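Structure record follows, encoded as structure tokens.
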Amino acid sequence: MRAFLTGRGYLEVETPILGPHATPDRHLESVSAAGGFLHTSPEFAMKRLLAARSGPIFQIVKAFRAGESGRQHAVEFTIAEWYRLGPLEGLLTEMDLLLGDLLGTRPAERRTYRELFLAAVGVDPLSAAEERLQTLAEAHGHPGRPDDRAAALDYLFSRLVEPGLGARVPTIVTRFPAPLAALARLSDDDPRTAERFEVFWAGLELANGYDELQDPAEHRRRFAAENRARERAGKPAAHPDGRFLAALEDPGIPRCSGVALGVDRLVMAALGASSLDEVVAFRERPDD
Amino acid sequence: MANTYATNEFRSGLKVLLDSDPCVLLDCEFVKPGKGQAFTRIRYRNLKTGRVLDKTFKSGEKVEAADVIDTDMEFLYSDGGDWHFMDPNTYEQYSAAKAALGGHEKWLLQGMTCGVTLYNDAILLIHPPHFVDLKVVETEPGIRGDTATGGSKNATLETGAVVRVPLFIEVDETLRLDTRTGEYVSRVKN
């Protein structure tokens, strides 16, 4: 992976693992340490480097997410994250080449979130009423009523769509619905979708990437929405890194696309393993 | 306050109350799609009905522990309505209704040691030994020397069970039976 990325002009960087800020992501919990928090991904620090005009960069580093433990999840895991300048297309092409290089896969198929969802669930994820999606999610075993549209979509997608992805060739799912945009920009030709993608192969969700949001005001709105959701769920609010917000304002981050890939899962896919236990030598859990 | 387990304590083999019934977890998996919410998906067996079901929990949800214990007991007797067992360590006696026997009553012989699942200190299920040795009390006369043709006939055992046996089996012989399949396994030397 290092050879692939450095060979294509990426600069390897290191950013702090320990910092003063927890992630504001509603579904992630930071591990606290030494009065601060371990990063859940190097995203914000790497974007500060991009704002400082680093050019294309990559990092392979440990990241930490509290409470995540299972066959495909570990509190401590290895993440590979890289950013290149320009819109998503170049990154998607490169991702496909990387998978072919590392896993020997044939060219990936690209499918929009909407076409996959329509085929497997039978309703349009962009236009169906929130009520309808919530009721469907409950009918498919969601515990209680999903909080909102995003929760209902996430559940239905994972239950009904994901099991069929990446069977013969890797599947790159593109154009996620706007409520699942995370930090991706909205599509120029349709504000109901966002330029976010995920890669599925061998029963695993391997990577998640964006055509990166640049607008500082929209960043603030999305962080505020995350924190409102955190408060509703009884979780502490987490204020994003002020220096990251400042860098978004001035000088701003360039138009770029980035992706995070689970390295342990990549090894699982390469070896046909069904659990992280088979590919990680030490799996002591904090509660063991 | 009843004992509870949070989803991060779920392990296969755990006994919990689901739908107000005692259940055993068979498999559990942490799932977290994309950047979405975390869930714990379980497969479990309802110990009352024997049905295997799936259920999804939000991570962090709690379920009540079920007071379920697996132990061994000696079968004493049946009075027709109930079956009576004794804990060999405490000599305490327990009675089980027909539903707890699940059709296995036909294998029980006085003094036999059985597996017992207790729920709230009452018998929930009886598990007979996988193999039991029982005497034939009634069957058609045997056909000597016919050990190869594979023909079979009915035989009534001392517990009242009726099983298919090879043609050469005689009254008063002791047979080994597999209680899981209800099938004849072999003759046992008296």
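Each reported figure results from applying straightforward, stated rules to the coordinates on display, with no laboratory input. No experiment lies behind these values; they were computed from the predicted model shown. Counting neighbours? That spans all protein chains shown, and the Cβs are built from the backbone with ideal geometry, glycine included.
Miscellaneous remarks
- Restricting segment A:193-269 to trypsin sites (Lys or Arg not before Pro) in coil, as DSSP defines it, with at most 15 other Cβ within 10 Å: A:R255
- Charge-dipole axis of segment B:68-127 as Lys and Arg at +1 and Asp and Glu at -1 on Cβ define it, positive-most pick from B:V68, B:L118, B:S78: B:S78
- Relative contact order %, chain B, counting alpha carbon pairs below 8 Å whose residues are six or more apart: 14 percent
- If only the Cβ of Lys and Arg carry +1 and only the Cβ of Asp and Glu carry -1, the dipole of segment B:68-127 around its Cα centre is close to 240 debye.
- Per residue of A:139-151, other chain Cβ atoms within 10 Å of the residue Cβ number 2 on average.
- For residues of A:56-69, the mean tally of beta carbons on other chains within 10 Å: 1
- Sorted from longest to shortest, the spans of the Cα atoms of chain B along the three principal axes equal 73, 42, 24 Å.
- Pairs exceeding 20 Å between alpha-carbon atoms, taken from A:K235/B:K62; B:K48/B:K135; B:K55/B:K98; B:K106/B:K189; A:K235/B:K55; B:K15/B:K48: B:K48/B:K135; B:K55/B:K98; B:K106/B:K189; A:K235/B:K55.
- Rounded to the nearest 20, the size of the Cβ-charge dipole of the protein assembly as shown about its Cα centre is 1260 debye, with Lys and Arg at +1 and Asp and Glu at -1.
- Computed over segment A:1-111, relative contact order equals 22 percent, with contacts defined as Cα pairs under 8 Å that lie 6+ residues apart.
- Cα gyration tensor, chain A - rounded (a/c under 1.5), prolate or oblate: rounded
- For the pair segment A:169-207 and segment B:6-85, the centres of their Cα atoms are 37 angstrom apart.
- Peptide B:35-43 is shielded by partner chain Cβ atoms: per residue, an average of 6 of them sit within 10 Å of its Cβ.
- The order of the peptides B:106-112, B:30-36 by mean Cβ neighbours within 10 Å, most packed first, is B:30-36, B:106-112.
- Note on segment A:168-245: dipole from Cβ charges, positive end direction compared against A:L180, A:A207, A:A225; the farthest Cα belongs to A:A225.
- The charge dipole of segment B:4-64, taken about its Cα centre with unit charges on the Cβ atoms of Lys, Arg (+1), Asp and Glu (-1) only, comes to about 140 debye.
- Residue (of B:T56, B:S20, B:G34) at the positive-pole extreme of segment B:4-64, dipole from beta-carbon charges: B:G34
- When B:V137, A:V280 are arranged by Cβ crowding within 10 Å, least crowded first, meaning fewest neighbours, the order is B:V137, A:V280.
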